[in-house]
Amino acid sequence: MPVQHRTIVVGNTSTLKSPVGIVRILEVIFACVTFSLVVHTGRWGGRIGDLCMFCWCFCFAVTLVILIVEFAGVQNRMPVSWKNFPITFAMYGVLMCLSATVIYPLQYLEDKAYNSEARNYQIVAIVFSCLTTLAYIIEVSLTRAKPGEVTGYMATTPGLLKVLETFIACIIFVFISDPAQYERHDAMKWCLAVYCICFILSIVVIILCVGECTGWLPCAFNKFLSGYALLAVLMYASAMIVWPIFAFDRKHGGTPSRPSYCRSGQGNLYRVCDWDKLVAVAVLTAVNLIAYIMDLVHSARLIFITV
């Protein structure tokens with residue numbers, strides 16, 4: 001009777017032992033510890049807490065999927081470009097975990113009404129959230145394109161800037177929509193149109209790169225990027241001028257200084273009022289304008305791109 005040999009399937013362990021693989025394992029561990037500690041304290045209710053919990057859980061889940069895919073060696077079977085997807089998500093992971101690390105203590109840690117044991121768990125959770133953010137920063141630095149290296153577009157500086165631009169735009173949408181700050185003047189509606197148009201175009205670029213669909217464009221990809229970056233700079237420059245004028249100038253119904261009702265918070269928690277949101281939108285508009293200017297400079301210098 002012939003001897004039947006059992007085939008043992010061994011995964012690609014080298015990917016887990018590489019510096020990037022080790023960093024991703026740490027990201028999974030740190031994110032898991034973070035949201036586990038927050039759940040243990042029970043201090044994450046409300047929209048802010050749900051947002052922070054989503055950031056940690058989403059980063060944990062997607063990073064775990066990336067580890068499993070690379071361990072199984074099925075990157076080529078995935079419906080996305082593996083040269084672009086991991087670095088794109090890693091950049092989003094940096095921004096999401098950084099935001100949660102900043103927002104969560106401002107909203108929950110300052111409340112002295114809760115016992116010291118719960119606060120200790122919260123402090124440890126914030127520390128691990130910082131470690132998660134640091135791990136994603138290290139991954140981005142390890143996987144981003146080096147000078148002279150031919151790689152996916154999202155690993156280049158303009159690609160990473162696209163992620164930053166879309167994330168900042170999402171934060172702007174949060175501040176501008178609750179309540180609808182743009183309804184004061186038609187000029188502020190123009191600013192909303194600027195944020196929406198630039199956000200949509202940046203998302204389209206990311207989707208085209210991650211989905212390996214840049215060939216669908218009717219023109220050369222690098223020319224499209226340069227033209228779009230120039231358009232975005234001009235549009236954001238106009239928003240940078242229009243928004244502060246109609247938000248803070250008394251002639252247009254604005255308030256130049258912070259109202260007294262904004263200073264009355266509950267306990268030791270910081271209260272974000274409508275005027276603070278107007279300031280935040282103005283600051284974020286300036287930050288995104290700088291990002292688009294850098295994007296334009298790098299896109300103009302980027303001669304050869306392989307996606």
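Within the stretch 104-121, the presence of a residue that is out of contact with any strand residue (DSSP E or B) (no Cβ under 9 Å at 6 or more places or on another chain), closer than 19 Å to T63 by Cα and part of a helix (DSSP H, G or I) is excluded. Of everything in the stretch 9-42, what is of a type outside the set (A, V, I, L, M) and surrounded by 20 or more Cβ atoms within 10 Å (Cβ to Cβ)? Give them in sequence order. Listed by number, the residues that qualify are R24, E27, F30, T34, F35. With respect to the stated conditions, D111 fails to be open to solvent by 60 Å² or more (accessible area, probe 1.4 Å), of a type outside the set (S, T, Y), closer than 30 Å to W275 by Cα and modelled with pLDDT under 95.
Entry remark, the stretch 61-94: residues being in contact (Cβ under 8 Å) with a residue 60 or more places away in the chain and open to solvent by less than 20 Å² (accessible area, probe 1.4 Å) number 5 in total. Pairing each residue of the stretch 285-297 that is in contact (Cβ under 8 Å) with a residue 12 or more places away in the chain and open to solvent by 10 Å² or more (accessible area, probe 1.4 Å) with any residue that is among the basic types (K, R) and part of a helix (DSSP H, G or I), provided the two are 6+ apart or on different chains, yields no C-beta distance under 8 Å. Is at least one residue of the stretch 123-143 open to solvent by 20 Å² or more (accessible area, probe 1.4 Å) and outside any helix (DSSP H, G or I)? No, that holds for no residue.
Scanning the stretch 168-211 for residues that are surrounded by fewer than 21 Cβ atoms within 10 Å (Cβ to Cβ), in contact (Cβ under 8 Å) with a residue 40 or more places away in the chain and either assigned by the TED database to the domain that holds C55 or aromatic (F, W, Y) (or both) yields F175, W190.
Can you pull out the residues in the stretch 259-270 that are modelled with pLDDT of 60 or more, open to solvent by 60 Å² or more (accessible area, probe 1.4 Å) and not small (G, A, S)?
Y261, R263
The values are calculated or read from the model by the stated rules, or taken from the named source; none is laboratory data. Not measured: the values here are computed from a predicted model. Quick reminder, even Gly has a Cβ in these numbers, built from the backbone with ideal geometry, and neighbours come from all protein chains shown. Each accessible area value is taken on the protein alone, full model and side chains, heavy atoms only, with ligands, DNA and RNA left out. Shrake-Rupley method; radii C 1.70, N 1.55, O 1.52, S 1.80 Å.
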